[in-house]
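Everything on this sheet refers to the single structure shown next.
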Amino acid sequence: MRYYQGCMICGEDLVYSEKYSECECSICGKPFNSNVRCQKGHYVCDSCHSADALDIIENYCVGCVESDPLEISIKLMDDPHIYLHGPEHHYLIPAALITAYCNQFETQNQKIEKLKIAKERASIVPGGFCGFYGSCGAGIGAGIFASVISEATPLTTDSWGFANKMTGFVLTELGEIGGPRCCKRNGWYSIIKASEFLDREMNKKLFDYENERPVCTYKNKNKECIKINCPFFLIKDLKML
C-alpha cells in the first residue's frame, strides 16, 4: 500500500532537518544522504517517489488536445500516481504549460520533443527544493517551460533573459503568498503567473489567467493547508475551517 500524503510507506508525517545523514531508500534500497525522514525513520528517494508519475504525465500530455494548462494540470493531479506533494510536480507544471502552448502554437512533433526535454530537466530538481534552496520546483518548472519553448541555452541572449525573468517573476509571486509549501497551490499559481508573463512578453495568451481559478479539492487532505490565505481556498468553504 502506498500512502497519498506524508510517508509513502507508512503515512506518518515527514520530518525535515538542516543536517544530512546517510540513509537507505525504503523502496529501492540504494544509499543516500538526506535530511528527510518520516517519524518512523522511512526514507523514499525522489526517483522512487515519482517513478511512475513522470511517464504518466508525459504519456497523457502527448495525447492531450486541451489548450488550457490549468485544466491539464487538474486532470493530471487527479491521477492516483500523483501524490499530494512531491517532485513529480516539478515536471507536471512545465508539461501542462508546454502541452497547452504547443497545442495552440506549435506542432505535435514539437510538443513531443519539448515534453521529453522538460522531463529530463525537471527530473533532477529534488524534492524540498522550495524550502532548502529558496526556489520552489513549480516556479523552476515555469522556467523550464520558458527555456524549452524559447530554446534558451547558457550562451543565448534574449531567450536566456526571457527564461530567467519568468522564473524570477513566478518565484516572487509565490513568495508573496508564503509557506508552508503546497504543491497544488504552488503549481496552479505558477501556471497562472507563467501564463501572465508569457502574454506580457510574447503576446501569446494560453487561457483566461486573469479570472480562471481552480476549485481546490485537496484542502481536507493537506495538514499544512493555509486555508483563507490560499488563492484557491474559496470563501464558501470557510465553514470547513
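The values are calculated or read from the model by the stated rules, or taken from the named source; none is laboratory data. Note that the structure is a prediction, hence the values are computed from the model and not measured. As a convention, Cβ positions derive from the backbone with ideal geometry for all residues, glycine included, and neighbour counts pool all protein chains shown.
Could you check, for the stretch 214-229, whether at least one of its residues is surrounded by 13 or more Cβ atoms within 10 Å (Cβ to Cβ) and in contact with a Ser or Thr (Cβ under 7 Å, 6 or more places away or on another chain)? Within the stretch 214-229 (the criterion being surrounded by 13 or more Cβ atoms within 10 Å (Cβ to Cβ) and in contact with a Ser or Thr (Cβ under 7 Å, 6 or more places away or on another chain)), the answer is no, since none of the residues qualifies.
Per the listing 223, 239, the residue uniquely modelled with pLDDT under 95 and part of a helix (DSSP H, G or I) is 239. Are there any pairs with C-beta distances below 7 angstrom linking a residue in the stretch 170-196 that is on the phi > 0 side of the Ramachandran plot and surrounded by fewer than 24 Cβ atoms within 10 Å (Cβ to Cβ) to a residue that is assigned to a helix (DSSP H, G or I) and at pLDDT below 95, with the two at least 6 apart or on different chains, and if so which? Within 7 Å, no pair qualifies.
Based on what the data block shows, is residue 60 touching a Gly at 6+ places or on another chain (Cβ under 6 Å) and aromatic (Phe, Trp, Tyr)? Don't jump to the end; show me each part of the working.
Details: touching a Gly at 6+ places or on another chain (Cβ under 6 Å): no; aromatic (Phe, Trp, Tyr): yes.
The answer is no for residue 60.
Given the structure, is residue 28 touching a residue at least 24 places away in the same chain (Cβ under 8 Å), of a type outside the set (Lys, Arg), part of a loop (DSSP other than H, G, I, E, B) and not assigned by TED's automatic domain parsing to the domain that holds residue 220? No: the conditions fail for residue 28.
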